[in-house]
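Here is the structure we will look at, set down as structure tokens.
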Amino acid sequence: MNANEHARFQALHQRYLTELTLRGKSPKTIDLYTRCLRQVCDYFETCPDQLSTDQLQQYFMHLVQHRSWSLVKIARNALQSFYQYVLRKPWEYVPIVKAPKVQTLQDVLSLKEVERLISRTRKLSYQVYFLTTYSLGLRLSESLNLTIADVDSHLSGCMCAVARARRIASCLYR
């Protein structure tokens, strides 16, 4: 970068720092985002407001080939926030990069493993916890937030508060 571009970059960089701070970003996020902005400037040796879609696509191709997906996503978010907050331009470069979705299967215990877990648990309160969680098919957060008021003996079930909705988990009482 020549002296004029460097001065313009410093002004944009300072505005970016101010915008990120005013928007309540954590110091680590601010550090990561500004570092990503500097790296894209170093890669092309030009100010980031001069970059074209093709250049950004080339840069993200370089990142995909040589960096982790988490860094690619951070760089995309950093540039997106720079364009929106500092340059006041709409971010039209969303289709440039999209991380693959990785689906992982949950670990499901076999009936014998559940029996072994419950039988080897010494405290009765822990046994009740494991039995309730397993028999109702609750998630960890649901079982930890379960109260006596959630149990409905007339319906033979429990009302469990989930993140945005309520669902009924039922189990037969004996």
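The values are calculated or read from the model by the stated rules, or taken from the named source; none is laboratory data. Note that the structure is predicted; figures quoted are calculated from it, not measured. With ideal geometry, Cβ positions are generated from the backbone for all residues, glycine too; neighbour counts draw on all protein chains shown.
Tabulated results
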read-out: Some residue of segment 63-71 being surrounded by fewer than 12 Cβ atoms within 10 Å (Cβ to Cβ), outside any helix (DSSP H, G or I), out of contact with any helix residue (DSSP H, G or I) (no Cβ under 6 Å at 6 or more places or on another chain) and not polar (S, T, N, Q); value: no
read-out: Test: Leu37 is more than 25 Å from Ala3 (Cα to Cα), part of a helix (DSSP H, G or I) and at pLDDT 90 or above; value: no
read-out: Residue pairs meeting the criteria (Cβ under 6 Å; at least 6 apart or on separate chains; first in the same structural domain as Ile148 (by TED's automatic domain parsing), in segment 117-135; second modelled with pLDDT under 85 and not in a helix (DSSP H, G or I)); value: Ser135/Cys171
read-out: Selection within segment 24-41 - among the charged types (D, E, K, R) and buried (at least 16 other Cβ atoms within 10 Å of the Cβ); value: Lys25
read-out: Qualifying residues in segment 87-126 (those that are among the hydroxyl-bearing types (Ser, Thr, Tyr) and at pLDDT 75 or above) - the one surrounded by the fewest Cβ atoms within 10 Å (Cβ to Cβ); value: Thr104
read-out: Per-region count, segment 142-174, residues modelled with pLDDT under 80, surrounded by 11 or more Cβ atoms within 10 Å (Cβ to Cβ) and assigned to a helix (DSSP H, G or I); value: 2
read-out: Residue satisfying all of: in segment 36-74; basic (Lys, Arg) and touching a residue at least 24 places away in the same chain (Cβ under 8 Å); farthest from Leu12 (Cα to Cα) among these; value: Lys73
